[in-house]
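Novice: Following this message is one structure expressed as structure tokens.
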Amino acid sequence: EKEGYEHFMIKEIHEQPKGVSETLLRRLDKEEKVTLDGIKLTKEDLDNINKVYIVACGTAYHAGLVGRYAIEKFAKIPVEVDVASEFRYRDPFVDDKTLFIAISQSGETLDTLAALREAKRKGARVLSVVNVVGSSVARESDDVFYTWAGPEIAVASTKAYTTQLVAMYLVALHMASVKGTITEEQYKEKVNELKTMPDKIQKILDNQTKIQHLADGQFNNEKVFFMGRGLDVHVAHEGSLKLKEISYINSFAIAAGELKHGTIALIEDGTLVVALATQDHLYDKMLSNIQEVRARGAFVVGVAKEGNKEIEKTADVVLYIPDTLDQLTPILSVIPLQLLSYYIAVARGCDVDKPKNLAKSVTVE
Ligand code: M6R
């Protein structure tokens, strides 16, 4: 079943161009408009919504953070994002004017399911973004947006994440077009750019020798930091989770602007810092943050868009992603981080597909 790959995780990483393309193309009609088919998000529905709540766990939660950005940016609706285990116990402000979005690969995560039931009880409409057809979350939702990642076997979620991102962008763009908060031209620009994602992901996958080489370790891997600004922070969190769960390295993610407020105290000679710098308006700020950690001895791996070469002067190694709209970078920037985690875990001899203490879906509290 691994089709020649050594692990399910690396096979699933390579299945992302296909999963992203399926998730996307099934939701675009002949005129290249997002069609949500049966999903009820008409003008009337949206006029009745004054708030969106996105709730999920782990990687799906990280996809929700990007979803918040997209819905707020494109559709101009306020969004809150919460981890399901917090949401369900904190009596959140949810009523019949709330759209509740649950994100779950398996559709069986107990906390997510319980949060969904709580939101429903309070009158919210429930839309879920789910990979497994007919799963509990899907069955209990008013509407379902299925991701087309195909079965995900490895505990570390990869293709589920990128397809969840696509789903969230499509929901956000659809809402924006229905509400008229985005021009036709902007809408087309984003849809067209989304369509280039499968090829761009493939390009990163075809050039992974640098990452493999890196993973063989020129750094002190007792602890690893991921940092970024804007959308990059969310990807930093996802990269960090991936690394810790499969390689057992103590890894953290922070908003780079927070460095000086504490974390920089932990930087030592050779500490690996993965610095995401894909956002044009935050690029210079990230370069200064990279300088700050390097001055304290960090070994910095930068992630930047092709063409933004200035980072080479400050980072030790730079991993490039193909150029794209800043608003869509997470679909690409997560790929080198998935690969880096995978190769580090393999180099450390870890059981990549079945890391200790973890289950693929968490159906208990
Ligand atoms: O099936 P779900 O998407 O609801 O699962 C949520 C998390 O348990 C899951 O994403 C977990 O964090 C992964 N092991 C991350 O790689």
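The values are calculated or read from the model by the stated rules, or taken from the named source; none is laboratory data. Note that this is a predicted model, so its numbers are computed, not measured. Don't worry about glycine lacking a Cβ; one is built from the backbone with ideal geometry, like all the others, and counts go over all protein chains shown. Surface areas here come from the heavy atoms of the whole protein model, side chains and all, with no ligands, DNA or RNA. Shrake-Rupley method; radii C 1.70, N 1.55, O 1.52, S 1.80 Å.
Novice: Would you work out if region 239-336 is rounded, prolate or oblate? Take a ≥ b ≥ c from the square roots of the eigenvalues of the alpha-carbon gyration tensor; rounded if a/c is under 1.5, else prolate when a/b is larger than b/c, oblate otherwise.
Specialist: Oblate, since a/c reaches 1.5 and b/c is not below a/b.
Novice: Charges on Cβ only, +1 for Lys and Arg, -1 for Asp and Glu, centred on the Cα centroid of the chain; of V352, G4, F252, which one is farthest towards the dipole's positive end?
Specialist: The residue sitting farthest along the positive end of the dipole is F252.
Novice: What are the ³J(HN,Hα) values, in whole Hz, obtained from phi via the Karplus relation 6.51 cos²θ - 1.76 cosθ + 1.60 with θ = phi - 60°, for each residue of region 348-360 in sequence order, with x given for Gly and Pro?
Specialist: 8, x, 7, 7, 4, 6, 10, x, 5, 6, 10, 10, 5
Novice: Relative to the longest principal axis of the chain, what angle (0 to 90°, nearest 10) does the C-alpha long axis of helix 283-295 take?
Specialist: With both axes taken from Cα atoms, the answer is about 40 degrees.
Novice: Using 0.36 nm per residue of separation minus the Cα-Cα distance, give me the extension gain between K30 and T183 in nm, one decimal.
Specialist: Length gained, K30 through T183: 53.2 nm.
Novice: Shifting gears a bit: For the pair K260/T196, report the inter-label distance in nm, with labels modelled 7 Å from Cα in the Cβ direction.
Specialist: About 3.6 nm separates the two model spin labels.
Novice: Kindly identify region 205-250 as rounded, prolate or oblate by the Cα gyration tensor criterion: order the square roots of the eigenvalues as a ≥ b ≥ c, call it rounded if a/c is under 1.5, otherwise compare a/b with b/c, prolate if a/b is larger, else oblate.
Specialist: Judged from the Cα gyration tensor, region 205-250 comes out oblate (a/c at least 1.5, b/c at or above a/b).
Novice: Apply the a/c threshold of 1.5 to the C-alpha gyration tensor of region 172-276 and tell me whether it is rounded, prolate or oblate.
Specialist: Oblate shape, in that a/c is at least 1.5 and b/c is the bigger or equal ratio.
Novice: May I ask you to list the residues of region 260-275 whose amide nitrogen lies under 18 Å from a point 7 Å from Cα along the Cα→beta-carbon direction of E310?
Specialist: Of the residues in region 260-275, 275 have backbone N under 18 Å from the label point off E310.
Novice: Next question, about the same structure. Tell me, what is the per residue accessible area of region 130-242 in Å², probe radius 1.4 Å?
Specialist: On a per-residue basis, 36 Å².
Novice: Further question: If r is the Cβ-Cβ distance from K43 to T363 and R0 is 41 Å, what FRET efficiency results, to the nearest 0.05?
Specialist: 0.60
Novice: Given H placed 1.01 Å from N in the peptide plane, which residues other than close sequence neighbours of L272 have an amide H under 5 Å from its amide H?
Specialist: Here the answer is N220, K223, F225, F299, since their amide H atoms fall under 5 Å of that of L272.
Novice: Provide the net charge surrounding L272, with neighbours chosen by a C-beta distance below 10 Å and charges set as Lys +1, Arg +1, Asp -1, Glu -1.
Specialist: Here the count lands on -1.
Novice: Can you list the equivalent-ellipsoid semi-axes of region 79-188, largest first and in whole Å, using the square root of 5 times each Cα gyration tensor eigenvalue?
Specialist: Square roots of five times the eigenvalues give 23, 21, 11 Å.
Novice: Continuing with this model, one more query. Go from 0 up to the bin containing the longest alpha carbon distance in region 290-363, width 5 Å each, and give me the % of pairs per bin.
Specialist: In order of increasing distance, the bins hold 3, 13, 17, 17, 18, 14, 11, 6, 2, 0 percent.
Novice: One-quarter of the Cα convex hull surface for region 1-44, in nm²?
Specialist: Over every viewing direction, the Cα hull of region 1-44 projects on average to 4.8 nm².
Novice: Now for a separate question. Find the centroid of the Cα atoms in region 45-113 and in region 134-189, then give the distance between the two in whole Å.
Specialist: Value for the Cα centre distance between the two parts: 13 Å.
Novice: Also: For D326, D316, D351, what's the largest-to-smallest order of accessible area, 1.4 Å probe?
Specialist: D351, D316, D326
Novice: So, with a 1.4 angstrom probe, what is the percent of accessible area on the chain that is carbon and sulfur?
Specialist: Carbon plus sulfur share of accessible area: 48 percent.
Novice: Under 5 Å between amide H atoms, partner at least 5 residues away or on a different chain: which partners does V144 have, H built in plane at 1.01 Å?
Specialist: Residues meeting the criterion, in which the H sits 1.01 Å from N, are S128.
Novice: Spelling out what I want: for every residue of region 201-208, take phi, set θ = phi - 60°, compute 6.51 cos²θ - 1.76 cosθ + 1.60 (Karplus), and round to whole Hz; glycine and proline get x.
Specialist: Here the 3J(HN,Hα) series is 4, 4, 4, 5, 5, 6, 10, 9 Hz.
Novice: Sticking with this structure for a sec: Can you check what the Kirkwood hydrodynamic radius comes to for the chain, Cα pairs only, in Å to one decimal?
Specialist: Kirkwood radius, the chain: 20.7 Å.
Novice: Could you do me a favour and compute the accessible area per residue for region 45-93, 1.4 Å probe, result in Å²?
Specialist: Solvent-accessible surface per residue comes out at 40 Å².
Novice: Considering Cα pairs under 8 angstrom that are at least six residues apart, work out the relative contact order of region 189-260 and quote it in whole percent.
Specialist: Here the relative contact order equals 28 percent.
Novice: Starting from one equal scatterer on each C-alpha and no solvent at all, send me the Debye-based log10 I(q)/I(0) for region 1-88 at q = 0.19, 0.25 Å⁻¹, two decimals.
Specialist: -1.10, -1.23
Novice: Oh, and also: Quick one: Karplus J couplings for region 186-194, per residue in order, coefficients 6.51, -1.76, 1.60, θ = phi - 60°, nearest Hz, x for Gly and Pro?
Specialist: In residue order, the calculated couplings are 5, 4, 5, 4, 6, 4, 4, 5, 4 Hz.
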